[in-house]
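What follows is a short report on a single structure.
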Amino acid sequence: MRFSTRQFRLPVALSLLIGVMTLTGLGLGTANAQNNLRDAMLGPSTSDSRGNSMPDVAHFMSEDGEGFVLDHTQDQPFIRFDGDAEVWALTPSPGPRGDVIFKNDVGEPILRSSRLGGLTLFSRTRPTGDPVAVSGKADAIKAGRMTPGLLFQQLARASKKASAAVSRLLPFDADIQTPGADYLFADAARVTADAIVDVANQNNGRKILEPIREVRLIEGRPPGVYMERNTLVLRLDHTQGWGGRPSSKRITKIIKTASKRN
């Protein structure tokens, strides 16, 4: 099933007006990495399991006051920060002293789980790390209900947002072959629009985005993002859940890299 916002190919001002009106991941790798993350959530497990009921998902708060939900109900852990709709897939890698570093899909460290049960959050404001602790219960990060009609609305919103950022029409196309993949395509469209807005707001942002004339979402493995002539292509794998689409940072990185080659 193919969805396209090409019918909005009208003069930019009129197109935006209509828009207003209508609107990687790898698995945990080893059992040790998963156990370290579980230990970080409620402390190291002991031989007496009666007092250590391990949650698969919880809300955390850093000392700096940054909150997030950490969910490891699936093979790959996911994190979503308070006030941000984007879900980030985390991939473990070994760290010093037996620690496990959980990174995003551009290799940036997000969390560190120590072998003693501590959990540290890395951010722009605290690049050396900020201790975090469980602050409450949370629901698992699950995809919402999505219909073909809702998907088209999401594509239209993403196209409108990206078009406004570059001051010209930027159509979004989606080619879906697998039933149930709609939610991932809708989420990928939103994340892509956010990445385009982020680039547009940077120095020479519109010049960097000039080569992009279309955004196309397709199914395939492994998930990724690349430029194909003047089309920004996102390859999505719904079997990996939220990890089946590139993050906004990954998309931003590819856009900037492609711009330097032109």
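Among the residues in region 117-124, are any under 18 Å from D237 (Cα atoms), among the hydroxyl-bearing types (S, T, Y) and surrounded by 20 or more Cβ atoms within 10 Å (Cβ to Cβ)?
Taking every residue of region 117-124 in turn, none turns out to be under 18 Å from D237 (Cα atoms), among the hydroxyl-bearing types (S, T, Y) and surrounded by 20 or more Cβ atoms within 10 Å (Cβ to Cβ).
Which pairs do you get when a residue that is more than 16 Å from R245 (Cα to Cα), found in region 67-95, comes within reach of a residue that is part of a strand (DSSP E or B) and basic (K, R), reach meaning Cβ atoms under 7 angstrom, with the pair 6+ apart or on two chains?
Every condition considered, the pairs that remain are F68/R80; V69/R80; S93/K103; G95/R112.
Name the residue that is farthest from D139 (Cα to Cα), counting only residues in region 54-100 that are open to solvent by less than 20 Å² (accessible area, probe 1.4 Å) and outside any strand (DSSP E or B).
D99
Out of G117, G149, report the one residue that is more than 14 Å from the chain's Cα centre (by Cα) and at positive phi.
Among G117, G149, only G117 is more than 14 Å from the chain's Cα centre (by Cα) and at positive phi.
With the requirement that a residue be touching a Gly at 6+ places or on another chain (Cβ under 6 Å) and either under 17 Å from H59 (Cα atoms) or buried (at least 17 other Cβ atoms within 10 Å of the Cβ) (or both), what does region 101-116 give you?
I101
If a residue has to be open to solvent by less than 70 Å² (accessible area, probe 1.4 Å), within 21 Å of the chain's Cα centre (by Cα) and not hydrophobic (A, V, I, L, M, F, W, C) to count, how many in region 131-141 make the cut?
So the count comes out to 0.
Do we have T128 as over 25 Å from R190 (Cβ atoms), in a loop (DSSP other than H, G, I, E, B), at pLDDT 90 or above and over 19 Å from the mean Cα position of the chain (by Cα) here?
Here the answer is yes, as T128 does meet what is asked.
Return the total of residues in region 160-174 being more than 14 Å from L209 (Cβ to Cβ) and part of a helix (DSSP H, G or I).
So the count comes out to 1.
With respect to T231, is the statement that it is within 28 Å of M146 (Cα to Cα) and in contact with a helix residue (DSSP H, G or I) (Cβ under 6 Å, 6 or more places away or on another chain) true?
Details: within 28 Å of M146 (Cα to Cα): yes; in contact with a helix residue (DSSP H, G or I) (Cβ under 6 Å, 6 or more places away or on another chain): no.
The answer is no for T231.
The values are calculated or read from the model by the stated rules, or taken from the named source; none is laboratory data. Computed from a predicted structure; not experimentally measured. Cβ: placed from backbone, ideal geometry, glycine included. Neighbour counts: every protein chain shown. Accessible surface areas use protein heavy atoms only, side chains included; no ligands, DNA or RNA. Shrake-Rupley method; radii C 1.70, N 1.55, O 1.52, S 1.80 Å.
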